[in-house]
Amino acid sequence: MRSTAAPPEKSADMGRVRPNLAEQVYAQLKAEMNEFSLVPGDRFSEAELGQRLGVSRTPVREALFRLRNEGFLEVEPKSGWSVRPIDFNLLEQLYDLRVILELAAVAKLCTHAGPPPAELESLKDVWLVPLTDRLTDPAEVGRLDEAFHATLVQAAGNPEMARVHWDVTERIRIVRHLDFTRADRIEATYVEHAKILRAVMQRKLDQAQLLLKSHVEQSKAEVRKITLATLHEARARVMRGR
């Protein structure tokens, strides 16, 4: 009976390798969408993707179906896989949820007894800096922007709120990154984040919430201007910068 079973070591290795490869494919495809290498309407097959990434069909399929379940991709029996069109109604709902969560977090931070949470102190080193120290790389500023808002929510001390907020962040990432393909939006983000952070640190609740809501609503307004041409232009800019 022993000879009919796979060796324990081999079974364990196989169990580790497949999820890791699927996770790598998943992460790569999400990065390509967030960096505009893949944009809504782009089509590809499992075979093409596996060949490009150098992996077998199984981890490719696992990653693709995971992304489909999360709403990023769609599949048709004859035409293969494609990046889903942007659902602007859904984005509006996600932005509304984001505002609710962040305003609640700011309220908790401004009414918190004792010294400001350490997380807020770390944000000062990023956003309260001289003009000459500000970053200009769109991808890096995009990551810092996500971290700023996520840190505000995390610092409020409600892990479930932070979890839901991060899920929203993941789902709106591609359109938020479009904001940082423009120099004026990068500059505005530094100015607005600095004002929000100072208001929170000084526990000026009404001012902090007003600044935060205005900041997020501006991003939401930018979303309404997105067209397929905008995404292709963003892809072209990224490709020229490589």
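The values are calculated or read from the model by the stated rules, or taken from the named source; none is laboratory data. In this text the structure is predicted, and so the values were computed from the model without any measurement. So basically every Cβ, Gly included, is an ideal-geometry build from the backbone, and we count neighbours across all protein chains shown.
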Problem - helices (runs of 4 or more DSSP H) fully within the range 126-239 counting 3 or more residues that are among the polar types (S, T, N, Q), farther than 22 Å from residue 37 by Cβ and out of contact with any Leu (no Cβ under 7 Å at 6 or more places or on another chain) - result: 205-223
Handout entry: When residues of the range 91-114 are limited to those that are in a helix (DSSP H, G or I) and without any contact (Cβ under 8 Å) to a residue 12 or more places away in the chain, the one farthest from residue 224 (Cα to Cα)
Key = 100
Practice task
Would you check if residue 175 is assigned by TED's automatic domain parsing to the domain that holds residue 211, buried (at least 18 other Cβ atoms within 10 Å of the Cβ) and free of Cβ contacts under 8 Å to residues at least 60 places away in the same chain?
Solution key: no
Handout entry: Test result for residue 72, aromatic (Phe, Trp, Tyr) and more than 16 Å from the chain's Cα centre (by Cα)
Key = no
Handout entry: Pair list, Cβ < 6 Å and 6+ apart or interchain, from the range 195-209 residues that are at positive phi to residues that are surrounded by 17 or more Cβ atoms within 10 Å (Cβ to Cβ)
Key = 203/110
Fill in the blank from the handout: Across (1) surrounded by 14 or more Cβ atoms within 10 Å (Cβ to Cβ); (2) at pLDDT 90 or above; (3) among the hydroxyl-bearing types (Ser, Thr, Tyr), residue 37 clears everything bar (2)
Practice task
For the range 41-50, state whether one or more residues are of a type in the set (D, E, K, R) and under 25 Å from residue 160 (Cβ atoms).
Solution key: no
Exercise for the section: Please work out which one of (1) under 30 Å from residue 214 (Cα atoms); (2) touching a helix residue (DSSP H, G or I) at 6+ places or on another chain (Cβ under 6 Å); (3) modelled with pLDDT under 95 is the condition residue 57 fails and give its number. Expected result: (1)
Fill in the blank from the handout: Of those in the range 146-160 that are of a type outside the set (A, V, I, L, M, F, W, C) and in contact (Cβ under 8 Å) with a residue 40 or more places away in the chain, the residue surrounded by the fewest Cβ atoms within 10 Å (Cβ to Cβ) is 157
Completion exercise
Pairs returned, first residue in the range 129-145 that is closer than 22 Å to residue 169 by Cβ and of a type outside the set (Lys, Arg), second residue that is at pLDDT 90 or above and in a loop (DSSP other than H, G, I, E, B), beta-carbon separation under 9 angstrom, 6 or more apart or interchain, are 141/134; 141/135; 144/135
